[in-house]
Amino acid sequence: MPISIPKGVFDVLPFPLDSSMEWNTSERWAYVESVAIEVARSYGFEEIRIPIFEHTELFIRSVGEQTDIAQKEMFTFLDRGNRSLSLRPEGTASVMRSYVENHLSQRGLPQKYYYLGSMFRYERPQAGRYRQFGQFGLEAIGSPSAYQDAEVIDLMLTIYKKLGLKKLQVMINSVGTPQTRKQYLDALRAFFAPRLTELSQDSQTRFEKNVLRILDSKDTTDKKIIEGAPSILDFLDDASKQHFALLQTLLGNLGIDFVINDKLVRGLDYYTKTVFEITCDDLGAQSTLAGGGRYDNLIQELEGPATPSVGFAMGLERLLQVLHRQNAPIKSLPRTQFLLIALGQEAKCAAFSLLKQLREHHLMVEMEYSDRKIGATLQSADKKNIPYALILGEEELAGRTITLKSLKERSSDSISLDKLINHLKTL
Ligand code: AMP
């Protein structure tokens, strides 16, 4: 039996594999990625490329031992030297490891990096949840300012706007500092303790291990109970309060609609002060398009200099799915315009040199190398949506001309080879 693709991953081809995968073509991926990169660069972010795998310890230390990612979602393996390695489940930890290890602070602050690539999580595959998924993310390292938070949120929304995405909701919250969070955790424990048996099994486990994660529960009974839980905003210190108030003013000044969701805590341990998520109604169950926040202590926890930072990551599959659902236009990549067909050995040899010449003039040309009948070649060119054929036979070669055939209009023209390049450029 031929070998099949593993569960939870998929191929990306130039065309959709079936009608449910119309969002998933390499052209759509390339377009979305190019827009994200263009916007990030215009905001002064530079690209960083991080490894696909790291020491497992890096992820445990940064995302937190009691998170779903560290507990059950990592693809972890031992290498031949018995070292524990993991495929990256997210990008921030690696960017920060690189920042510390390569002494990037010496370049001066802030440092602004974006990254693009696959992340890996061992999750139960379902719509919007895969084991390998694409993320575009960025990190602004070195600024403690709410202006930086606002810039990052604005950047993210600018990417979505440029892509024509609609019906977005921006949710923001502040999770304060580790000290105030500790007080909040005590209050949460006191609130949930007498209601423990009413909570779902998952939330009962979270109560023991990571009570904050109960707030992420999707269980309907849990959700009702959570509504009455204490608000983290009531526990903020003055600096966090001011930071959060300034962020709201700045977003308001930019005309960004947002809602405050005081139960938004996000799954990872490293956040401080600002956290945010973008959701879209058209996405269904997995409605979160992107998330991020501020992590003022992470670099220090990785034994680097204390450096306040903020960033986000956006999922690309969900983005592509919702763009397709909303019929957002995509800009096509340039594709083959001309198919060069030569008839006879001498013409073929001459056509191959002409092919190179046309390509050097940035014309998108392919050449037919087979000797099959010209009718069959034209038919398959038409099927591939190539609009024109260029036919070089012995007669044309002798007269230094070529036949230009429009496959749509089914018309033909004889063009002098000397004028060919200029003529093709006008089409
Ligand atoms: P997170 O790092 O969990 O905040 O994820 C950031 C974004 O990546 C999410 O909002 C999703 O859009 C996307 N994402 C996370 N996990 C998956 C997954 N298993 N499959 C597809 N997209 C995902």
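The values are calculated or read from the model by the stated rules, or taken from the named source; none is laboratory data. Please read these numbers as outputs of a predicted model, since none were measured by experiment. All Cβ positions, even for glycine, are placed from backbone atoms using ideal geometry, and neighbour counts span all protein chains on display.
For the criterion of being touching a residue at least 24 places away in the same chain (Cβ under 8 Å) and away from the ligand (no atom under 14 Å from the Cβ), Y130 fails. Which pairs turn up if I take residues in the stretch 288-313 that are over 28 Å from N261 (Cα atoms) and look for partners that are within 16 Å of the ligand (Cβ to nearest atom) with beta carbon separation below 9 Å, at least 6 apart in sequence or on another chain? Listed by first residue and then by second, the contacts come to L302/L58; L302/S62; L302/A93; L302/M96; G304/M96; G304/L298. A Cβ distance below 7 Å, combined with a sequence gap of six or more or placement on separate chains, defines the contacts here; from the stretch 237-255, residues that are farther than 17 Å from S309 by Cα reach residues that are surrounded by fewer than 15 Cβ atoms within 10 Å (Cβ to Cβ) and not β-branched (V, I, T) in the pairs L250/Y147. Residue check: is K223 on the phi < 0 side of the Ramachandran plot, free of Cβ contacts under 8 Å to residues at least 40 places away in the same chain and outside any loop (DSSP other than H, G, I, E, B)? Criteria met by K223. The condition of being modelled with pLDDT under 95 and surrounded by 20 or more Cβ atoms within 10 Å (Cβ to Cβ) holds for only one of D282, D269, that being D269. Y43 meets each of the listed conditions (1) crowded, with 19+ Cβ neighbours inside 10 Å; (2) over 16 Å from M119 (Cβ atoms); (3) in contact with a helix residue (DSSP H, G or I) (Cβ under 7 Å, 6 or more places away or on another chain); (4) modelled with pLDDT of 95 or more apart from (1). Whenever a residue of the stretch 93-119 is aliphatic (A, V, I, L, M), its partners that are surrounded by fewer than 22 Cβ atoms within 10 Å (Cβ to Cβ) and assigned to a strand (DSSP E or B), lying with C-beta atoms within less than 6 angstrom and at least six residues away or across chains, give the pairs L104/Q111; M119/F133; M119/Q135.
Taken over the stretch 295-331, residues that are within 14 Å of the ligand (Cβ to nearest atom) and charged (D, E, K, R) amount to 2. Residue selection: L215 satisfies the criterion of being within 16 Å of the ligand (Cβ to nearest atom) and in a helix (DSSP H, G or I). Restricted to the stretch 53-75, and to residues there that are polar (S, T, N, Q) and touching a Leu at 6+ places or on another chain (Cβ under 7 Å), the residue that is farthest from R121 (Cα to Cα) is S62. Each residue in the stretch 18-34 was checked for being without any contact (Cβ under 8 Å) to a residue 40 or more places away in the chain and outside any loop (DSSP other than H, G, I, E, B), and 6 of them qualify.
P329: in contact (Cβ under 8 Å) with a residue 24 or more places away in the chain, loosely packed, with under 12 Cβ neighbours inside 10 Å and closer than 30 Å to T288 by Cβ, yes or no?
Answer is yes for this residue.
Any residue at all in the stretch 116-123 that's modelled with pLDDT under 95 and not hydrophobic (A, V, I, L, M, F, W, C)? Yes, because at least one residue in the stretch 116-123 is modelled with pLDDT under 95 and not hydrophobic (A, V, I, L, M, F, W, C).
For the stretch 54-102, a tally of residues being at pLDDT 95 or above, assigned to a helix (DSSP H, G or I) and of a type in the set (G, A, S) returns 3.
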